[in-house]
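I have placed the structure first, in the form of structure tokens, so that the comments after it can refer back to it.
The values are calculated or read from the model by the stated rules, or taken from the named source; none is laboratory data. Worth saying up front: this structure is predicted, and the values here are computed from it rather than measured. No Cβ is skipped: glycine too gets one built from the backbone with ideal geometry, and neighbour counts run over all protein chains shown.
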């Protein structure tokens with residue numbers, strides 16, 4: 001089984017999972033380059049991010065994330081740990097000043113928007129109180145707990161980085177993830193919370209949240225079995241999202 005750096009494909013146990021565009025390598029090239037497949041030629045396109053994804057699209061994305069996460073877990077179980085570039089990501093101490101400046105800027109704009117909503121007086125002070133501790137909490141949650149079930153997260157799993165291919169009747173044929181620039185090994189909560197809270201329809205974010213978590217979990221277990229994951233499935237924490245809501249605070 002191979003989990004390609006370009007997000008290409010995983011093969012194992014008689015199945016094949018495709019995750020994204022193929023990259024191409026010219027042997028002996030005299031300059032650096034990145035050459036990726038143009039997915040639009042195959043009919044792939046983004047959904048309308050302003051409308052949010054409906055249940056059908058959301059379920060297909062959760063299935064794809066479950067395949068990706070399962071493949072990465074099996075890769076670690078069979079080949080060992082990922083390099084520091086993926087276990088630390090951009091959560092290095094030397095990156096903290098830059099991260100602090102970025103988050104402070106984002107939060108300043110966020111607060112300006114918050115005060116335009118009716119009833120903001122009830123919770124605006126609570127949000128303000130979170131800001132000073134947000135960076136430290138993010139770094140804390142980014143640390144890998146070896147006792148938990150960990151995977152290679154896509155790292156930026158929102159609708160603009162997800163492309164859909166449809167058949168002639170408008171039915172989804174395939175889902176690809178794109179933009180593998182900030183992958184991070186760790187809790188599945190990073191991808192799950194960010195995707196569900198950023199990209200689903202407004203009316204579904206809370207009403208279908210528990211359903212989507214169970215849907216993802218069932219798909220994850222199914223794919224771990226397909227790829228012959230050797231660790232006990234009790235190791236895959238079914239309710240591990242509680243203490244890590246910070247990943248939705250992006």
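Residues of segment 127-159 that are within 23 Å of residue 177 (Cβ to Cβ), surrounded by fewer than 17 Cβ atoms within 10 Å (Cβ to Cβ) and modelled with pLDDT under 90: 148 alone.
Looking only at residues in segment 79-97 that are within 22 Å of residue 230 (Cα to Cα) and assigned to a helix (DSSP H, G or I), the one that is farthest from the chain's Cα centre (by Cα) is 79.
Residues of segment 171-190 that are at pLDDT 95 or above and surrounded by fewer than 19 Cβ atoms within 10 Å (Cβ to Cβ): 171, 172, 173, 174.
Quick one: which of 73, 77 is in contact with a strand residue (DSSP E or B) (Cβ under 6 Å, 6 or more places away or on another chain), in contact (Cβ under 8 Å) with a residue 24 or more places away in the chain and within 23 Å of residue 148 (Cβ to Cβ)?
73 is the lone residue from the list that is in contact with a strand residue (DSSP E or B) (Cβ under 6 Å, 6 or more places away or on another chain), in contact (Cβ under 8 Å) with a residue 24 or more places away in the chain and within 23 Å of residue 148 (Cβ to Cβ).
Would a scan of segment 38-50 turn up a residue that is touching a strand residue (DSSP E or B) at 6+ places or on another chain (Cβ under 9 Å), crowded, with 17+ Cβ neighbours inside 10 Å, under 20 Å from residue 178 (Cα atoms) and modelled with pLDDT of 95 or more?
Just the residues of segment 38-50 that are touching a strand residue (DSSP E or B) at 6+ places or on another chain (Cβ under 9 Å), to begin with: 39-40, 42-47.
Those still in the list that are crowded, with 17+ Cβ neighbours inside 10 Å too: 39, 44, 47.
Checking the rest, the ones that are also under 20 Å from residue 178 (Cα atoms) come to 39, 44, 47.
Then drop every residue that is not modelled with pLDDT of 95 or more, which leaves 44, 47.
Checked segment 38-50: at least one residue is touching a strand residue (DSSP E or B) at 6+ places or on another chain (Cβ under 9 Å), crowded, with 17+ Cβ neighbours inside 10 Å, under 20 Å from residue 178 (Cα atoms) and modelled with pLDDT of 95 or more.
Hey, any hits in segment 213-225 for a residue that's farther than 30 Å from residue 41 by Cβ, more than 15 Å from the chain's Cα centre (by Cα) and at pLDDT 95 or above? Yes; the residues of segment 213-225 include at least one that is farther than 30 Å from residue 41 by Cβ, more than 15 Å from the chain's Cα centre (by Cα) and at pLDDT 95 or above.
In segment 25-37, is there at least one residue being touching a strand residue (DSSP E or B) at 6+ places or on another chain (Cβ under 6 Å) and within 25 Å of residue 160 (Cα to Cα)? Within segment 25-37, one or more residues are touching a strand residue (DSSP E or B) at 6+ places or on another chain (Cβ under 6 Å) and within 25 Å of residue 160 (Cα to Cα). All conditions in (1) in a helix (DSSP H, G or I); (2) modelled with pLDDT of 90 or more; (3) closer than 27 Å to residue 44 by Cβ hold for residue 206, with the sole exception of (3). Every condition in (1) assigned to a helix (DSSP H, G or I); (2) free of Cβ contacts under 8 Å to residues at least 40 places away in the same chain; (3) buried (at least 18 other Cβ atoms within 10 Å of the Cβ) is met by residue 193 except one, and the failing one is (2).
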